[in-house]
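To start, the structure under review is shown below, and the notes come after it.
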Amino acid sequence: MTAKILLTSFDTWLPHQKSNSSDDLLAKISQIKSLPDSLTFLRKLPVDFQLAPNLAIAKINQLRPDTIICCGMAESRQKLTVESCACCDRDIRKTAVNLEPLVADLAATEISHEAGKFVCEALYYAVLKHLADSQLSTQCIFVHVPILTPENTDRIVADFLLVMSRLNLAANKSYFSRHL
């Protein structure tokens, strides 16, 4: 059994942006032939506080993934950052994923406790709230992606693949424990 994984990215929103690094990363991931067919890509979500969460939640309801990895661009960051939580009107939603072992020993990844107060955080909050309200056991994280450069792309892709693999392993263990 291979866990179903939903990967999301955003489109650009400022005139100077030729692309969004979250979507650049997913484009690279989608080209890897050895990855399981259980990946679903929801790419180039609009940078819109209502539309992006609505589209993502509709896809979650349709697909019922075991794991969701939402991705967004963080132009000022140098590493992949996995967000621990998202806030809306003083309501804090934390991921159920244990992030410490998820990012342990990864060279280009760290944990963040500040999802950015923009559409990234709105999406993450809405997805975490939907999962809780719907009582779904789906694991969900949000990953901020720095601008990809020739110097960092290989490290960023490698770390992201390890994060995906670790989440897939955890989802498979959870699936089997529920169905055996």
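The values are calculated or read from the model by the stated rules, or taken from the named source; none is laboratory data. Everything numeric here is computed off the predicted structure, so don't read it as measured data. Here Cβ is always computed from backbone atoms with ideal geometry, including for glycine, and neighbour counts include all displayed protein chains. Heavy atoms of the whole protein, side chains included, go into the accessibility calculation; ligands, DNA and RNA do not. Shrake-Rupley method; radii C 1.70, N 1.55, O 1.52, S 1.80 Å.
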Around Leu162 (Cβ within 13 Å, Cβ-to-Cβ, excluding Leu162; K/R +1, D/E -1) the net charge comes to -1
At 20 °C in a medium of viscosity 1.002 mPa s, the chain has a Stokes-Einstein diffusion coefficient, with Rh taken as the Kirkwood radius over alpha carbon pairs, in µm² per second, of 132
First measure r as the distance between the Cβ atoms of Asp105 and Lys18, then evaluate 1/(1 + (r/R0)^6) with R0 = 30 Å and state the FRET efficiency to the nearest 0.05.
0.35
Of Ser76, Ser34, Ser112, which has the largest mean-square fluctuation in a 10 Å C-alpha GNM of the chain?
Ser34
What residue among Glu121, Glu151, Glu110 shows peak mean-square fluctuation when the chain is described by a Gaussian network model with Cα springs under 10 Å?
Glu151
With charges only on Cβ, +1 for K and R and -1 for D and E, what is the dipole size of the chain about its Cα centre, in debye, rounded to 20?
460
Tell me, how many Å apart are the Cα centres for the range 1-46 and for the range 60-134?
15
Under the rule a/c < 1.5 gives rounded, and otherwise a/b versus b/c splits prolate from oblate, where does the range 60-164 land using the Cα gyration tensor?
prolate
Charge tally in the Cβ shell below 14 Å around His113, where Lys, Arg are +1 and Asp, Glu are -1, His113 excluded:
-1
Given N residues in the range 104-172, what is Rg(Cα) / (2.2 N^0.38 Å)?
1.27
Taking 25 Å as R0, compute the FRET efficiency from the Cβ-Cβ separation of Leu63 and Leu169 and round it to 0.05.
0.80
Leaving out ligands and nucleic acids, and using a 1.4 Å probe, what accessible area per residue does the range 73-180 come to in Å²?
52
GNM flexibility winner over the chain from Asp91, Asp66, Asp24 (Cα, springs under 10 Å):
Asp91
Checked the range 1-75 against the a/c 1.5 cut and the a/b vs b/c comparison, axes a ≥ b ≥ c from its Cα gyration tensor; verdict oblate
Restraint check, Lys4/Lys59; Lys59/Lys117; Lys94/Lys117; Lys44/Lys129, Cα-Cα greater than 20 Å:
Lys59/Lys117; Lys44/Lys129
Pop out the carbon and sulfur fraction of the accessible area of the chain as a percent, whole number, probe 1.4 Å.
52
